[in-house]
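A short write-up of the structure that comes next.
Values quoted throughout were computed directly from the atomic coordinates according to the rules given, and no laboratory measurement underlies them. Quantities reported herein were computed from a predicted structural model and do not represent experimental measurements. Glycine gets a Cβ as well: all are built from the backbone with ideal geometry, and neighbour counts include every protein chain shown.
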C-alpha cells in the first residue's frame, strides 16, 4: 500500500518525489487535540476522499479518485453546532462555512482529506484539505498546501487506498 509522508517541517514525500508544502501556523497537533479554528494541522494517517477543481481556471487533473468541478455555490460547513458540520453545503448557507469558489487561487485544486469525517465530531476540525499553496508558502488554516505541479503529480499518483501520514 503506497504511503505519502508529510513532516512537521513542511516536506512531503512520495515514490521518490519530495516537495515543499505549507501547513497550519500552529504546526502539527494530535488529531484528537485538533479544534476548529486552532490553526494546527492534525497528525494522523488519512486517505484522500475526492478531488475538486475549478474547471474555469484549470485543466482537469489526472486522478483515479472521484473528481468533480467546483461550482459557484459550493461551500463547506465549519460550524460545530450545525448538522452539516465538516460536510459540503450549497450556498447561500445559514451556518458558518467556507466558500470553495474563491477569488484567490488556493482552492482551484482541492483534495478532501479523511480527517474527522466518519462521522464528523463537532469541534474537532473541518475542511482539512490538500490545496494550492500561496506563492510564498504562507501558512494555511490547518490544511496541507503544495504548488500546482506538485499537487497535480500527487493527485495523479494517489489511489483510494494510498495512505497520507502527517507527522
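Segment residue 55..residue 121, full-extension length gain: 20.6 nm, with 0.36 nm per residue of separation and the alpha-carbon distance subtracted. Among beta bridges identified by DSSP and lying wholly in segment 4-59, the antiparallel ones come to about 75 percent. In the chain, Cα pairs under 8 Å separated by at least six residues give a relative contact order of 34 percent.
Sorted fewest first by neighbouring Cβ atoms within 10 angstrom, 1, 130 come out as 1, 130.
What is the antiparallel percent of DSSP beta bridges lying wholly in the chain, to the nearest 5?
Details: 24 of 36 bridges.
Of the beta bridges lying entirely in the chain, close to 65 percent run antiparallel.
Can you give me the C-alpha center-to-center distance between segment 48-72 and segment 142-163, rounded to a whole angstrom? Cα centroid to Cα centroid, the span is 12 Å. Taking Cα centroids, how far is segment 92-131 from segment 32-47 in Å? So the separation of the two Cα centres works out to 13 Å.
Rounded, prolate or oblate: which fits segment 1-82 when a ≥ b ≥ c are the square roots of the eigenvalues of the alpha-carbon gyration tensor, with rounded for a/c under 1.5 and prolate only if a/b beats b/c? Taking the square roots of the gyration eigenvalues as a ≥ b ≥ c, segment 1-82 is oblate.
For the chain, the fraction of C-alpha pairs more than 29 angstrom apart is 11%. Taking 7 Å steps out from each Cα toward its Cβ at residue 5 and residue 18 produces label points 1.1 nm apart.
Mean projected area of the convex hull spanned by the Cα atoms of segment 40-105, taken over all viewing directions: 5.9 nm². Sorting 143-155, 4-16 by average packing, meaning the other beta carbons within 10 Å per residue, from highest down gives 143-155, 4-16.
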